[in-house]
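Worksheet for the structure shown next.
Since every read-out is calculated from the coordinates, none of them should be taken as a lab result. Note that the structure is predicted; figures quoted are calculated from it, not measured. Here the Cβ is made from the backbone with ideal geometry for all residues, glycine too, and neighbour counts use every protein chain on show.
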Amino acid sequence: MKIKRIVKHLLVTDGQLRRAFPRSTLNAIEDAIKASETAHVGEIRFAVEAALDGAPLFKGQSARDRAIDLFSQLRVWDTQYNTGVLIYLLLADRTVEIVADRGIHTKVNSQEWSKVCRQMETAFQQSNFEAGVVSGVQAVTQHLMTHFPADGHDGNELPDKPVVL
């Protein structure tokens, strides 16, 4: 158990999350996801969480493990072509994780997703949350367009609205 991390998580407030992601930023992210999904058959979800609390925090749950949990809870895996992608930000750690469904995972390796995450984290270090997420969505879009281009079927299977936890 890392005391420094626990303290950091306990000190992050919902107010900080709202300042980093005001309504206008959430709307811009939703618009970026909507625009993205016209170019491919993938489904993108974005989720942001201020901090972990309770047992997950004290047990040392990583941002990656939390993202995998949310991938399941938000049913990102439940798409026709197995092309769901979750972009998850744990604000207290300023850590981004991307979890891709099995259809995408076979085409885009984890190093590519890691590169997108690090680019987003660089923007977040400078408090450029909107630009960081929108550029991350655009980078994910490029991978999805390459491997899963639009097929004329407009089947938006998952909500485009960002999830704020």
Counting only backbone N atoms under 18 Å from a point 7 Å out along Cα-to-Cβ of Arg23, the residues of the stretch 146-162 in range are 161-162
Per residue convex hull volume, Cα only, the chain, in Å³ is 102 Å³
Between Trp77 and Arg5, the two model label points (7 Å from Cα along the beta-carbon direction) sit apart by a distance in nm of 2.3 nm
Applying the gyration tensor rule to the Cα atoms of the stretch 74-165 (axes a ≥ b ≥ c; rounded if a/c under 1.5, else prolate if a/b exceeds b/c, else oblate), the class is prolate
Subtracting the Cα-Cα distance of Phe58 and Lys115 from 0.36 nm times their residue separation yields 17.6 nm
In degrees, nearest 10, the alpha-carbon axis of helix 110-125 is tilted away from the dominant principal axis of the alpha carbons of the chain by 50 degrees
Checking Lys107, Lys34, Lys59 against a Gaussian network model of the chain (alpha-carbon springs below 10 Å), the top fluctuating residue turns out to be Lys59
Taking a straight Cα-to-Cα line shorter than 16 Å from Lys34, and setting aside same-chain lysines fewer than 8 residues away, one finds Lys161
Here the relative contact order (percent) of the chain, from C-alpha pairs under 8 Å and at least 6 apart, is 35 percent
